[in-house]
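Colleague: Just passing along the structure, written as structure tokens.
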Amino acid sequence: MAEKARKAQRPLSRRPRVRHNVTAAIGRDICSGRFPPGTALPRESDLCETYGVSRTVIRESLKVLETKGLVRGRPRVGTLVCDRADWNVLDAQILEWMGPDVLSAELLGSILEARRTVEPAAAFLAASRATAQDIADLERACDDMGEAEGDLETFTAADARFHETLLRASHNKVFHQLSSIIHAALSYALHASNRASAKRDEALDVHRDLVDALRFRDGARAESCSRHILDLAARDLSGLMGKADKT
């Protein structure tokens, strides 16, 4: 009992928090261009001095960044910053570290292309496979979008939930997995398009039409509604993407 009491009194290790903070700091410095793609990071000793931590923390942080595709170790060369094409842009932390760069025309365009490939197919499948609960969840997401009024964050959260639920409602195992994998990228893209949109009511009406198509098991109409939603997103993003190209 005495031994258990002594263990309980020991302060919890702070290393996980320290590593997390250092990982984020290096990640932001890479994403901001302080350490450009194709260049080598400073030596471990220099990184220790820059971020005020031990070699162990630096090594652990670099391992995390390597799993995200930001860096890779090379024998006798050091740690190289990877090309942006190798970054895992579906990773929520990388999207956060990218800051304003997340709104680049290239990234937003890539997300929209992926959605055009996946979502209409998911909507078509959901028309024959969605359960009553799936449809109720989609309807609730629409209601939350409608109740959000001028609250962009609340509207976008409900919008993202709608599209993730639609993928799951297809009852396709791959689409189901994608609903979790693309959550962060989808949320950023929806936030950008919703912010750029002057008429969110128009998009909400089409979302409701899609739910209605699922309720009547009309696959062609559901697919058409999904394409219409994506056309509206492309229209709203066009101006924003044009500005991003000029910066």
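Colleague: Answer with yes or no whether GLU66 is over 30 Å from LEU190 (Cβ atoms), modelled with pLDDT of 95 or more and open to solvent by 20 Å² or more (accessible area, probe 1.4 Å). Outline the logic, then answer.
Modeller: On the way: over 30 Å from LEU190 (Cβ atoms): no; modelled with pLDDT of 95 or more: yes; open to solvent by 20 Å² or more (accessible area, probe 1.4 Å): yes.
No.
Colleague: Sort out which residues of the range 113-135 are surrounded by fewer than 17 Cβ atoms within 10 Å (Cβ to Cβ) and in contact with a helix residue (DSSP H, G or I) (Cβ under 8 Å, 6 or more places away or on another chain), and write them in order of number. Please lay out each step first, then the result.
Modeller: Going residue by residue through the range 113-135, those that are surrounded by fewer than 17 Cβ atoms within 10 Å (Cβ to Cβ) are 113-114, 116-117, 121, 128-129, 131-133.
Listed by number, the residues that qualify are ARG116, ALA121, SER128, ARG129, THR131.
Colleague: Just to verify a result, which residue in the range 143-161, among those that are among the acidic types (Asp, Glu) and in a helix (DSSP H, G or I), is least open to solvent (accessible area, probe 1.4 Å)? Write out each step before concluding.
Modeller: Filtering the range 143-161 down to residues among the acidic types (Asp, Glu) leaves 143-144, 147, 149, 151, 153, 159.
Those still in the list that are in a helix (DSSP H, G or I) too: 143-144, 147, 153, 159.
Details: ASP143: 52, ASP144: 32, GLU147: 118, GLU153: 114, ASP159: 6 Å².
The selected residue is ASP159.
Colleague: Of everything in the range 163-194, what is open to solvent by less than 50 Å² (accessible area, probe 1.4 Å), among the small types (Gly, Ala, Ser), within 12 Å of the chain's Cα centre (by Cα) and under 21 Å from GLU139 (Cα atoms)? Give them in sequence order.
Modeller: SER179, SER187
Colleague: Answer yes or no as to whether GLU164 is in a helix (DSSP H, G or I), in contact with a Ser or Thr (Cβ under 6 Å, 6 or more places away or on another chain) and at pLDDT 95 or above.
Modeller: Details: in a helix (DSSP H, G or I): yes; in contact with a Ser or Thr (Cβ under 6 Å, 6 or more places away or on another chain): yes; at pLDDT 95 or above: yes.
Yes: the conditions hold for GLU164.
Colleague: On the basis of being free of Cβ contacts under 8 Å to residues at least 60 places away in the same chain, within 18 Å of the chain's Cα centre (by Cα), farther than 26 Å from LYS68 by Cβ and open to solvent by 80 Å² or more (accessible area, probe 1.4 Å), does ARG140 make the cut? Outline the logic, then answer.
Modeller: Values: free of Cβ contacts under 8 Å to residues at least 60 places away in the same chain: yes; within 18 Å of the chain's Cα centre (by Cα): no; farther than 26 Å from LYS68 by Cβ: yes; open to solvent by 80 Å² or more (accessible area, probe 1.4 Å): yes.
No: the conditions fail for ARG140.
Colleague: Where in the range 15-91 are there helices (runs of 4 or more DSSP H), lying wholly inside it, with at least 3 residues that are of a type in the set (A, V, I, L, M, F, W, C)?
Modeller: Working: elements: 15-31, 44-51, 55-67.
So the answer is 15-31, 55-67.
Colleague: Would you tally the residues in the range 204-238 being in contact with a Ser or Thr (Cβ under 8 Å, 6 or more places away or on another chain) and surrounded by fewer than 20 Cβ atoms within 10 Å (Cβ to Cβ)?
Modeller: 3
Colleague: Pull out all pairs, ordered by first then second residue, where Cβ-Cβ is under 8 Å, the residues are six or more apart or on different chains, the first lies in the range 143-154 and is farther than 13 Å from ASP201 by Cα, and the second is surrounded by 13 or more Cβ atoms within 10 Å (Cβ to Cβ) and charged (D, E, K, R).
Modeller: Every condition considered, the pairs that remain are THR154/ASP144.
Colleague: Test each condition in (1) assigned to a helix (DSSP H, G or I); (2) at pLDDT 90 or above for GLU106 and report the one that comes out false.
Modeller: (2)
The values are calculated or read from the model by the stated rules, or taken from the named source; none is laboratory data. The structure presented is a predicted model; accordingly, all values stated were derived computationally and were not measured. Don't worry about glycine lacking a Cβ; one is built from the backbone with ideal geometry, like all the others, and counts go over all protein chains shown. For accessibility, only protein heavy atoms count, side chains too; no ligands or nucleic acids. Shrake-Rupley method; radii C 1.70, N 1.55, O 1.52, S 1.80 Å.
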